[in-house]
Amino acid sequence: MRLPGLIDPHVHVRDLNQSHKEDWTTATAAALAGGVTTILAMPNTQPPLVDAASLTLYEKAAKAKAVCDYGIFLGAGLHNAAAIAVEARRGIGLKLYLDATFGDLKLPGLDALVAHFDAWPKDRPIVAHAEEQQTAAVILAAQLAGRGVHICHVARRAEIELIRRVRERGLNVTCEVCPHHLFLIESARPARQFETLARGARAWSGAYAEVRPRLQTQADVDALWANLDVIDCFATDHAPHTMVEKESQTPPPGFPGLETALPLWLTAAHAGLLSLDDIIARMHTGPRRIFNLPEQPETLVEVDLDANWAPVGARQQTRAAWSPFEGWALRGRVTGVTLRGCRVYDGENILVQPGYGHNVVG
Ligand code: NCD
Ligand code: ZN
């Protein structure tokens, strides 16, 4: 079975001062192993990606090291609205953090929010980490600026129901959800829909289950499944941290996810929870439309729909040698990837050198 090259619009690549967590080679290798041929990289890096100079550093690292194609988000800071808008065409979009998470990019106050919505070019995407009331705030700010907004990792019933209502009014609001918010609940037990598929799921400690937005309740998981039709993209929010960091006194939030996402969706498709077309719409067509991504000619992902397997964190391409889905009984696996006419992954190994990946904004 062949799928188009998949797109993950929410990946934390790290690199530079956090290369011990992940770098452009390991993140993009993990992407290919998960059938993803384009990743969009988040700016809560160290140093943070909030100006022309830091963007240049990450562009260089990506150009030298990436094995799949990519775009780079710029980060909204308290005082950079005008300056960052000048760089808009070098990035894939602007990321706004309205809630606290890993890194220091949380945007305080209403002034900065409005300033970014006013300054950023209308034809370039703005994406927002905006939980609960912040979902409403960011949608209003976008409306007042006469533009669209994309809501990252929607996790709660109230958020997805709000998005449904604004969509019914015809507003340009798009959204993504992550596998962990559809397959895990706050007790870190598998969600109900997946229980029969998840026998053998590892019981992990609270520290490993730390993620932003947090894992929610079964009612929230049910609401996300019930509103699948307003979910434009599946995004991993691949957020690698080492096991030592996760087991420390201050465990950072975030899960690796690139290598398990497609297999989880394929397993869910076997269980009748969604169709293959639903998956392609949210991992290819939807993100390609929202982020104006170019076509990747001669690109395809080979999957064995019937392969039964279980993720083993230590065998992943990502430097985070663990997985929230460790040991899950999955059905469906990536057996090869061809990117721009070149076979780049054979089901086990990456077949191209670092630097093969292209920046999608040229
Ligand atoms: C992300 C990270 O580690 O960079 N962590 C997370 O829990 N999702 C940050 C983020 O996306 O909020
Ligand atoms: Zn994230």
Query raised in the report: Consider residue 343 against the criteria (1) part of a strand (DSSP E or B); (2) touching a residue at least 12 places away in the same chain (Cβ under 8 Å): it satisfies all of them except one. Which criterion is unmet?
Result: (2)
Query raised in the report: Looking only at segment 27-54, which residues are crowded, with 24+ Cβ neighbours inside 10 Å, small (Gly, Ala, Ser) and under 14 Å from residue 72 (Cα atoms)?
Result: 27, 41
Query raised in the report: Can you tell me which of 88, 66, 62 is out of contact with any Cys (no Cβ under 8 Å at 6 or more places or on another chain), hydrophobic (A, V, I, L, M, F, W, C) and within 22 Å of residue 108 (Cα to Cα)?
Result: 88
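Where a number appears in this text, it was derived from the coordinates with a stated rule and is not lab data. Everything numeric in this text was worked out from a predicted model, so none of it was measured. Backbone-built Cβ (ideal geometry, glycine too); neighbour counts: all protein chains shown.
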